[in-house]
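A quick write-up on the structure given underneath.
The values are calculated or read from the model by the stated rules, or taken from the named source; none is laboratory data. The model shown is predicted, which means the values in this text are computed figures rather than measured ones. Cβ coordinates were reconstructed from backbone atoms using ideal geometry, including for glycine residues, and neighbour counts include every protein chain displayed. These area figures cover heavy atoms from the full protein model, side chains too; ligands, DNA and RNA do not enter into them. Shrake-Rupley method; radii C 1.70, N 1.55, O 1.52, S 1.80 Å.
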Amino acid sequence: MTSRILPAGYIPGVMLIACGAGAALAATQDGSGDESAVSTSASAEAGGAETGGLAEIVVTAQRRSENLQRSAMAVTAVSADLLTRESVTTAADLTSVVPALQASNQAGYTAFYIRGIGSAAYNAYSEAADAFNFDGVYVSRPNGVNGQFFDVERVEVLEGPQGTLYGRNATGGAINLITRPAELGHFNGYASAQFGNYDERLLTGVLNLPFGDRTAARLAVQTEDHEGYFRDGTDDAKNRSARLSTLSQLTTDLSVKVVYDYSHVGGRGDGAAILPLGTTPVRGGLGNPAVTALYQNAPANSFIFPGAITPLPQDQTRIDLQTEGVLAEITLNTALGTLTMIPAWRGTNNDNLTTSEGFWDIDRTSGDQESFEVRLAADDDLPLRYVLGAYYFDEHSKFLIEPDSQFIGVVQTQGHTGTETAATFSQLTYKVTPTFRATAGLRFTWERKGFNGTDGTSPPAVFTSGPGLNPLVVGPAILAITTDANRTFYSLTWKVGFEWDVGPQSLLYANVGTGYKAGGFFFASTNNSYDPEKVLSYAIGSKNRFLDNKLQLNAEAFLMKYTGQQLATLGYVEGDNGPTTGYPTLNVGRSTIAGLEAETQYLPIDTLLLGLQLNFVHSRYDRFVYNAPDLSPLLGLPAGAIPPASGCSSSVAAGLYTIDCSGRQMYQSPEWTVSANIQKTFELSNGGSVVPEIRSRYESARWMSESFLPVTRVGGDAQTDATLSYNAPRGVWNVGLYVNNLANKNVVSNVFLNDVYPIFSPVLATLRPPRTFGVRGQVNF
């Protein structure tokens, strides 16, 4: 889709119109009790209450402030209020408000897919294909993006490769989380609470303190708790977060913003269900007696050895993740434009034991990253607008990962990773005529990676641990692989396009651009690296407002050529003493992705808003071929007796299956996604308002795993959410009722195959939240 904003009070796919009673609602949920601040917020959201119509929204997706409807690219902007109304507290929850995004949690990490492009980066030496940025700072670790979804200004999702202004690992797109800055000259804040089923308690407090006219500080804290959505106690939440922001206007032209954030994500970790759903109690969890019996009665426990397939230690599962960071944004207005400098540091430390993959996995990883970005943006009124910049990033991490491979033993991998990268970038837009502009962008990236560590296997935990794997004891490993490798990558990415103001409120644009994700390493003694993946994207779009700013029609058609896709899969690698099993990451092929995104928002009267979003994505693997080991000889069976863990065509030779999934629809890529909403504001005589909303999202059938096993294909599903809010006069307070997933649908968000599938064949799935309901309120001062 072209550009979509979901501001205060809006439902997925549409924006709340802040005019009349709508303006009061926007002000109420802005979180400020100061009257002038409320008025400013309402006007900004609405483009001026006196003008009426749909809101004019400012975004920074192209590293400059611009009207979303004038931004010649595909952007979805989500307001803080909509995040609250949709109960978005983690990055995975963004799926409910961004139709083009598939996001899910797995083993303490978050996986993103935008328009079919993404990756499951579940360890310290893999990286996501969709860049996540926190207040303009790239966050490298997919487990470091949660815990800060409160007191935000907005979330921007950029769809399609971002190869010039955003450099690192943005082949699919970028997600920008932008927090609310401190407000100069205002003492205000708010306190909010949400209570619901599953003993949910979500508490948020914000205090904005001015120190004179030129400096202010803003403190925001949040606690989140709820019981597990699964009967065994998993899929719960126990999170604590805080953020301190300061803003200093040192001179008329110089300002400094500093942000420190900390979060602790705890609880039992993700729950998992057996596919097909209904095989065991859907939300029983892996600690359910029916699932335990499934493990205990596995044939491998008879023909290999007792305990070869061991029940999972559900009582020991945990997520213990701490993240923190500090950044500064220094802004200086110069004769050449606005100069922005962002030095930043972020650190993560986790000690997790998860089971949602179908086996237990210990993950102890710590790391830190340092980055620095500088850019110069010309004033918008110049004939030649430019953004020129440079970027530096340095990251180091150490890890110990111990996944259980059942009768094969416990795989132990430990080591260090290091990444250093530098880039220069530019994007120029020239006004050829008063209504026609041409754009060109270029980025050069240098990236050096290092990886060293060891991989070995210890005896099955059933031999070294207590009864029922309690206590869980991992024995010493026999080393099989020693890795010590370095590699340097170079890339030149670009973008060209044009913008044409067809009318006063109509924009036509077209872009061609590239995206790039560097290669990396996997555990093998030699031949242990993989090549980069690249995307070439074509897009043409139009953004329009009609009927005195009351009707919005936006659309974008796109075509992407995706080459060198990186995939980690079970296979043979070179070990210290010859070939051994491992998880090599391979460049498996190329894909073609074509689609259309369209959106309409209509305000027939000032108090009624209708919205509809349509996403069509036709994605196919032109070539998708890889190898997998034949496990048959391991059990003394003839070659090919045990089929591969794949629903694609295959052939076996020399102990290897060649698996060909060419022509398949890309996984995590539904062909159709449709979102719709309706919102009505009833103005009351006391100056308050009552606002009911209904929001629905439909996704068509989709594959959830690169295995393409029939059990991993999920049918189409729809979810409906509803809220009823009362907003007091002058935005002093508000209270509301909510229900999400009204029909209590069980919607699969991710799928994982057990390591020894098909010897032990259950396929595991994580699920989106069940029906949740409750009450929320906020007091502003």
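Every residue, every condition in (1) surrounded by fewer than 20 Cβ atoms within 10 Å (Cβ to Cβ); (2) of a type in the set (Val, Ile, Thr); (3) within 34 Å of the chain's Cα centre (by Cα); (4) outside any loop (DSSP other than H, G, I, E, B), yes or no:
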{"site": "SER646", "(1), (2), (3), (4)": "no, no, yes, no"}
{"site": "SER650", "(1), (2), (3), (4)": "yes, no, yes, yes"}
{"site": "TYR667", "(1), (2), (3), (4)": "no, no, yes, no"}
{"site": "ILE678", "(1), (2), (3), (4)": "yes, yes, yes, yes"}
{"site": "SER707", "(1), (2), (3), (4)": "no, no, yes, no"}
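Going by the conditions given, is LEU553 part of a strand (DSSP E or B), out of contact with any helix residue (DSSP H, G or I) (no Cβ under 9 Å at 6 or more places or on another chain), within 22 Å of ARG437 (Cα to Cα) and open to solvent by 50 Å² or more (accessible area, probe 1.4 Å)?
In short, yes.
Using the structure shown, decide if ASN746 is over 18 Å from THR310 (Cβ atoms), at pLDDT 95 or above and either touching a helix residue (DSSP H, G or I) at 6+ places or on another chain (Cβ under 6 Å) or of a type in the set (Asp, Glu) (or both).
Spelling it out, it is not the case that ASN746 is over 18 Å from THR310 (Cβ atoms), at pLDDT 95 or above and either touching a helix residue (DSSP H, G or I) at 6+ places or on another chain (Cβ under 6 Å) or of a type in the set (Asp, Glu) (or both).
Hey, among the residues in the range 595-614 that are in contact with a Phe, Trp or Tyr (Cβ under 7 Å, 6 or more places away or on another chain) and within 15 Å of ALA555 (Cβ to Cβ), which one's least open to solvent (accessible area, probe 1.4 Å)?
GLY595
Could you please find all residues in the range 731-775 being assigned to a strand (DSSP E or B), open to solvent by 30 Å² or more (accessible area, probe 1.4 Å) and of a type outside the set (A, V, I, L, M)?
TRP733, PHE752, PHE773
Restrict the check to the range 293-316 and report whether at least one residue is touching a strand residue (DSSP E or B) at 6+ places or on another chain (Cβ under 6 Å), hydroxyl-bearing (Ser, Thr, Tyr) and buried (at least 18 other Cβ atoms within 10 Å of the Cβ).
Within the range 293-316 (the criterion being touching a strand residue (DSSP E or B) at 6+ places or on another chain (Cβ under 6 Å), hydroxyl-bearing (Ser, Thr, Tyr) and buried (at least 18 other Cβ atoms within 10 Å of the Cβ)), the answer is no, since none of the residues qualifies.
Could you say which residue among ALA639, ALA628 is in a loop (DSSP other than H, G, I, E, B) and either touching a residue at least 12 places away in the same chain (Cβ under 8 Å) or buried (at least 20 other Cβ atoms within 10 Å of the Cβ) (or both)?
None of the others qualify; the one that does is ALA639.
On the basis of being at negative phi, of a type in the set (Gly, Ala, Ser) and open to solvent by less than 30 Å² (accessible area, probe 1.4 Å), does GLY266 make the cut?
yes
Within the range 722-781, work out how many residues are among the polar types (S, T, N, Q), touching a residue at least 12 places away in the same chain (Cβ under 8 Å) and out of contact with any Gly (no Cβ under 6 Å at 6 or more places or on another chain).
9
Let's see how each residue does on (1) acidic (Asp, Glu); (2) at pLDDT 80 or above; (3) assigned to a loop (DSSP other than H, G, I, E, B); (4) touching a Cys at 6+ places or on another chain (Cβ under 7 Å):
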site: VAL38; (1), (2), (3), (4): no, no, no, no
site: ALA49; (1), (2), (3), (4): no, no, yes, yes
site: ARG64; (1), (2), (3), (4): no, no, yes, no
site: LEU82; (1), (2), (3), (4): no, yes, no, no
site: SER87; (1), (2), (3), (4): no, yes, yes, no
site: THR95; (1), (2), (3), (4): no, yes, no, no
site: ALA111; (1), (2), (3), (4): no, yes, no, no
site: ALA121; (1), (2), (3), (4): no, no, yes, no
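Pick out, from the range 447-548, the strands (runs of 3 or more DSSP E) lying fully within it that include 3 or more residues that are open to solvent by 20 Å² or more (accessible area, probe 1.4 Å), under 26 Å from GLN566 (Cβ atoms) and without any contact (Cβ under 8 Å) to a residue 60 or more places away in the chain.
Result: 478-503.
Of the numbered conditions (1) in a helix (DSSP H, G or I); (2) at pLDDT 80 or above; (3) among the polar types (S, T, N, Q), SER126 satisfies every one except a single condition; which is it?
Condition (1) is where SER126 drops out.
Residues being in a strand (DSSP E or B) and open to solvent by less than 30 Å² (accessible area, probe 1.4 Å): count how many of those fall in the range 223-241.
Total meeting the criteria: 6.
Check LEU277, LEU244, LEU339 and return the single one that is among the aliphatic types (A, V, I, L, M), open to solvent by 60 Å² or more (accessible area, probe 1.4 Å) and more than 30 Å from LYS398 (Cβ to Cβ).
Result of the check over LEU277, LEU244, LEU339: LEU277.
Are any residues in the range 180-222 basic (Lys, Arg), surrounded by fewer than 19 Cβ atoms within 10 Å (Cβ to Cβ) and within 26 Å of GLY736 (Cα to Cα), and if so, which ones?
Answer for the range 180-222, where residues must be basic (Lys, Arg), surrounded by fewer than 19 Cβ atoms within 10 Å (Cβ to Cβ) and within 26 Å of GLY736 (Cα to Cα): just ARG201.
Before we move on, is PRO99 part of a loop (DSSP other than H, G, I, E, B), modelled with pLDDT of 85 or more and either of a type in the set (D, E, K, R) or open to solvent by less than 10 Å² (accessible area, probe 1.4 Å) (or both)?
Against the criterion (part of a loop (DSSP other than H, G, I, E, B), modelled with pLDDT of 85 or more and either of a type in the set (D, E, K, R) or open to solvent by less than 10 Å² (accessible area, probe 1.4 Å) (or both)), PRO99 qualifies.
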